[in-house]
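**Student:** Below are the structure tokens for one structure; questions will follow.
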Amino acid sequence: METILGIDLGTTNSVVSVIQDGKPIVLRDGAGSYILPSVVGFDQAGRLLVGQEARNQALLAPERTVKSIKRQMGDETKTTLGDQQYSPQEISAMILRTLKERAERSLGQPLSKAVITVPAFFKDKQRQATREAGELAGLEVIRIINEPTAASLTYEPHTEKNERLLVYDLGGGTFDVSIVQIERGVVEVLSSHGDTHLGGDDFDELLFEYVREQFQDEYGVDLSESPVARSRLLQAVEEAKKRLSEEAFTTIAEEFIATKDATSLNLNMEIKRLDYEDLIRPLLDKTIACVDAALEDAKLTAKQIDRVILVGGSSRTPLVRQILMDQLQHEPHLEIDPDLCVAMGAAVQGALIAGVDVGPVLVDITPHTLGIRCVGDLHGRYTNRLFSPVIPRNTPLPATRSEIYYTGADGQEVAQIEVYQGEHDDATFNEQVGELLLEGLADDAEAGSEILVRFRLDLDGILTVAAAERDTGLEKQVTLENAITRFRASSREEAKAKLAAMFSDSNAEAFGSESLLSAASPDAVGDDDGAEASLVAELLAKARRLLANAPSEDADEMRELITALQEATASGNTDRAVSIADQLSDLVFYLEDA
Ligand code: AMP
């Protein structure tokens, strides 16, 4: 069977994939990179540069370099490069040809057929221009497909299964959200919205501006005035931004970035993820407005969506996941590399056309969220049972994540880090997998001192937890084997017992809290007497969510229990409420595990 290339011809980056042994694989260049920056240029000697080399010279030699040509596809205007003029199709063809050659080198055979992806909003002439670019590159373009369709196919290559997906695609320069319906073998984009000038590059600019201002305040030098300093800082902030997807804070260090009065100046600045998130939040709010508009156009509510999938490099930003969870009450899927997902889907489409059977893309992920118990706000109540996630479920392995927590008392000597896995925001409903004590904290440290907690989970399920007192560097770590086990039956019993205890014991705290860490610096402190009510509300909400997909006999039982629990709590009949909540949580656990 002839191999058909799947090509994601992106605004910022492009990728090529093929199906091998029934699974999409992505092809790398000689240096091991999967991604080809969509940048074309000529060096000083007139040699053609495509990809990283062209990208490297983009800021310093803009007259010899072209980026983001995809934005001009379908236009008649030509781009001047050196002393020649090129149409958008010709520039795109140089990118496509580079990908074709990469694939031929990797597979050791000539290849001439391709499926190429385009944004759902591309008009006919933009699609036609893409087809022409493929032909100029020596490819027979057997189909042009929409990017969200391709992404959906990577997650669900078996199109006979009916599903509605929301594809949130946040790349370097553009944002798109589409509602995709898979029904009886037909994959259809129901609606699509977006912003063609919103993406990771804007995040870089915001972070650049933040650093530039602070540097100017400190040294009186504007780093944007020198093209070399600007170029270095832009690259440094992009790298820092990526690190902040894993780390709670990072440092940008660039030596000799500027000079003042004949003295060299170094840049050395710490950036906290929380501060970075404040910078980009308004832009993410804009994406949510597009999500709402796409749902409205498709005449659907978030509840009618089966899966939310994340595409595009910038969707790795943890705040994206968090905002989408809050807005849609769906846990977004990010298991398949968001940079590679569209190209893989194009390869799946190629295989479907060629009649080749494709299996699901298997990735190693953590099946449960891993986090720590800490003091914080649980549904409006202050408690020491808050579960603070560090590595969210479905994160591809190996994974490293860090978070900053705060001590709760002046002179606190110990930070107690209890590690749990599970999805409940009350840690005591999850399973404890280990503990670490960071002893000997600084005597004079005030409440609110920072403790950095870092989790590293490897492919074998071994979790390394490290904790460090930021001011002194005091550090300790522990290794937990088999951290990703299934939620055990015993913990279900424990959870039930705890629920019962909470109803019967008005002073429901199971633990002391002085040595626990706090999720937020200790400004706002409340009390804990509404915890039972919030647990009931939580249990009810969970039960209602499961109702939709529950088998009918379970659904009937669940409805009866829900009504009975509501009546028992409304009438203050605690004994009865405990007994019904017990039965209901049993059913909930059973259906969640099914
Ligand atoms: P794409 O256009 O889909 O290739 O996405 C490229 C954008 O994703 C660039 O702005 C990158 O800086 C950004 N990006 C890549 N990796 C990460 C990451 N780990 N966290 C945040 N942004 C990222």
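**Student:** Counting only protein heavy atoms, what percent of the accessible surface of the stretch 531-593 is carbon or sulfur at a 1.4 Å probe?
**Tutor:** 47 percent
**Student:** Next up: Among Ala93, Ala61, Gln128, whose Cα sits farthest toward the positive end of the charge dipole of the stretch 24-138 (+1 at Cβ of Lys/Arg, -1 at Cβ of Asp/Glu, about the Cα centre)?
**Tutor:** Gln128
**Student:** Leaving out same-chain residues fewer than 8 places away, which aspartates and glutamates sit with a Cα under 14 Å from that of Lys123?
**Tutor:** Result set, ordered by chain and number: Asp75, Glu147.
**Student:** For Asp364 and Val186 in the same chain, what is the full-extension length gain: residue separation times 0.36 nm, less their Cα-Cα distance, in nm?
**Tutor:** The span from Asp364 to Val186 would gain 61.2 nm if fully extended.
**Student:** How much solvent-accessible surface does Leu539 expose, in Å² to the nearest 10, with a 1.4 Å probe and all protein chains in place?
**Tutor:** 20 Å²
**Student:** Another question, if that's okay. Where does the charge balance sit around Leu310 when Lys and Arg score +1, Asp and Glu -1, over other residues with C-beta under 9 Å from its C-beta?
**Tutor:** +1
**Student:** May I ask you to list the residues of the stretch 122-165 whose amide nitrogen lies under 19 Å from a point 7 Å from Cα along the Cα→beta-carbon direction of Asn549?
**Tutor:** Within reach of a label on Asn549: 152-165.
**Student:** In deg cm²/dmol, rounded to 500, what helix-only [θ] at 222 nm does the chain give when every DSSP H run of at least 4 residues adds -39500 (n - 2.57) and the total is split over its residues?
**Tutor:** Counting only the DSSP helices, I get -11500 deg cm²/dmol.
**Student:** For the Cα atoms of the chain, what angle does the longest principal axis make with the long axis of helix 552-570, in degrees from 0 to 90, nearest 10?
**Tutor:** 50 degrees
**Student:** Any chance you could run the full-extension gain for Arg470 through Asp278? It's 0.36 nm times the residue separation minus the Cα-Cα distance, nm to one decimal.
**Tutor:** Full-extension gain reported as 66.9 nm.
**Student:** On to the next question. Just flag the GluC sites (Glu not before Pro) in the stretch 47-103 sitting in loop per DSSP whose Cβ has no more than 12 other Cβ atoms within 10 Å.
**Tutor:** Passing both the DSSP loop test and the Cβ count: Glu76.
**Student:** Need the list of lysines near Lys23 for cross-linking: C-alpha distance under 23 angstrom, and skip anything on the same chain fewer than eight residues off.
**Tutor:** Lys100, Lys113, Lys161
**Student:** Starting from the Cα of Asp443, step 7 Å along the direction of its Cβ; do the same at Met269; then give the gap between the two resulting points in nm.
**Tutor:** 3.8 nm
**Student:** Mind giving me the nanometre distance, one decimal, between the label points for Asp75 and Leu107, set 7 Å out from Cα along Cα→Cβ?
**Tutor:** Label-label distance for Asp75 and Leu107, simple model: 3.4 nm.
**Student:** Heavy-atom accessible area per residue, the chain, 1.4 Å probe: how many Å²?
**Tutor:** Ligands and nucleic acids excluded, the figure is 45 Å² per residue.
**Student:** Would you please classify the overall shape of the chain from the alpha carbon gyration tensor, given that a ≥ b ≥ c denote the square roots of the eigenvalues, rounded means a/c under 1.5, and beyond that prolate means a/b larger than b/c while oblate covers the rest?
**Tutor:** oblate
**Student:** Given R₀ = 41 Å, FRET efficiency for Val221-Asp458 by Cβ-Cβ distance, to 0.05?
**Tutor:** It comes to 0.40.
**Student:** Further question: Which FRET efficiency value, to the nearest 0.05, is calculated for Asp43 and Asn162 with the Förster distance at 56 angstrom and r the Cβ-Cβ distance?
**Tutor:** Efficiency, from the Cβ-Cβ distance: 0.60.
**Student:** DSSP loop (so not H, G, I, E, B), at most 10 other Cβ within 10 Å: list which GluC sites (Glu not before Pro) in the stretch 118-211 pass both filters.
**Tutor:** Sites meeting the loop and neighbour criteria: Glu160.
**Student:** Is the stretch 184-273 rounded, prolate or oblate when judged by the Cα gyration tensor, a ≥ b ≥ c being the square roots of its eigenvalues, rounded requiring a/c under 1.5 and prolate requiring a/b larger than b/c?
**Tutor:** prolate
**Student:** Here's another thing I want to ask about it. Counting other Cβ atoms within 10 Å, keep those with at most 10, restrict to DSSP loop, and tell me which trypsin sites (Lys or Arg not before Pro) in the stretch 293-394 are left.
**Tutor:** Lys299
**Student:** Could you tell me which of the pairs Lys67/Lys286; Lys125/Lys299; Lys303/Lys542 are separated by over 18 angstrom between their Cα atoms in the structure shown?
**Tutor:** Beyond 18 Å: Lys67/Lys286; Lys125/Lys299.
**Student:** Moving on. When the accessible area of the stretch 200-279 is computed with all protein chains present and a 1.4 Å probe, what percentage of it is carbon and sulfur?
**Tutor:** Whole-percent figure for carbon plus sulfur exposure: 44.
**Student:** Calculate the dipole size of the stretch 328-434 relative to its Cα centre from +1 charges on Lys and Arg beta carbons and -1 charges on Asp and Glu beta carbons; express the result in debye to the nearest 20.
**Tutor:** Here the size comes out at about 80 debye.
**Student:** Also: Could you give the length gained by full extension between Tyr590 and Thr259, i.e. 0.36 nm per residue of separation minus their alpha carbon distance, to one decimal place?
**Tutor:** Answer, rounded to one decimal: 112.6 nm.
**Student:** Here's another thing I want to ask about it. Between His197 and Val414, take the C-beta separation as r, use R0 = 60 Å, and let me know the FRET efficiency to the nearest 0.05.
**Tutor:** My answer for the efficiency is 0.75.
The values are calculated or read from the model by the stated rules, or taken from the named source; none is laboratory data. Since we're looking at a predicted model, the values are computed, not measured. Reconstructed Cβ throughout: ideal geometry from the backbone, glycine too, with neighbour counts over all protein chains shown. The protein model used for the area step is the full one, side chains on, heavy atoms only, and it has no ligands, DNA or RNA in it. Shrake-Rupley method; radii C 1.70, N 1.55, O 1.52, S 1.80 Å.
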